[in-house]
Amino acid sequence: MLTVMLGGAPGVGKTTVAGRLLELAHDGPRLVQWVDVDALWLHQPWRVDERMRTMVQANLRAVAGNASQAQVDILLITWVFQSAEIHRLVTGLLPAGTTTVSVQLRADHDTWIRRFEADPMRPGVNDFYQGRYAAAQGTPVDHVVETDGLTPMDVARQVAALIGLAEQGESVAHRPGPARHRM
């Protein structure tokens, strides 16, 4: 199973691109499963503590294990992935022998603010989200896709080519180190 960690700042377009990737996989031969880690965090009252961290990790471990058992070809995980430590955490929850690749969606600051503020479900841009934007933009990853001026389907096609989902694409294995591919 190839696990694709699709990251980027909050509001950059990860959820939309993941949906488009599923559309691209619809008639293809490869089975793709998508899990959004933010959805695993949905609980009320809102808190971040050891109990909630344990729950999210157990949920992600179970989804990845079940995907592997079901012989899913590509497990797509979306999350901000605002640090290399978060990548390591997720990788440690995956079944043994899982191949991983990290792809970060990036946008210039003005583009990001427009996208973030266009979502009526989001609060306004504040210091917390500014920090997440900066951290996500600076996280070392295997591949970077610059999204400025592209449609979500254009971005999805680029990601599909990187992960071997596209007809002409080649599979990508995790390579240690800060190798980057800019689109």
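Rule-based calculations on the coordinates, nothing more; no lab input. Quick caveat, the model's predicted, so the values are computed rather than measured. Note that we place each Cβ from the backbone using ideal geometry, even for glycine, and neighbour counts take in every protein chain shown.
Observations on the model:
- Kirkwood-Stokes translational diffusion coefficient of region 1-104, alpha-carbon pairs, 37 °C, 0.692 mPa s, µm²/s: 231
- For region 38-102, relative contact order (Cα pairs under 8 Å, six or more residues apart, normalised by length) works out to 38 percent.
- Rg and Dmax [Cα atoms of region 48-153; Å; Rg one decimal, Dmax integer]: 15.7, 42
- Per residue, the convex hull spanned by the Cα atoms of the chain amounts to 123 cubic angstrom.
- The chain, dipole about Cα centre (Lys/Arg Cβ +1, Asp/Glu Cβ -1), debye to the nearest 20: 360
- At least 27 Å along the helix axis (C-alpha) and Kyte average at least -1.0, DSSP helices within the chain: 50-69
- Dipole-positive endmost among Leu89, Gly19, Ala39 within the chain (Cβ charges, Cα centre): Leu89
- Of interest is the spacing of the C-alpha centroids, which for region 114-135 and region 1-59 amounts to 18 Å.
- Full extension of the chain between Asp38 and Leu89 gives 16.9 nm of extra length, using 0.36 nm per residue less the Cα-Cα distance.
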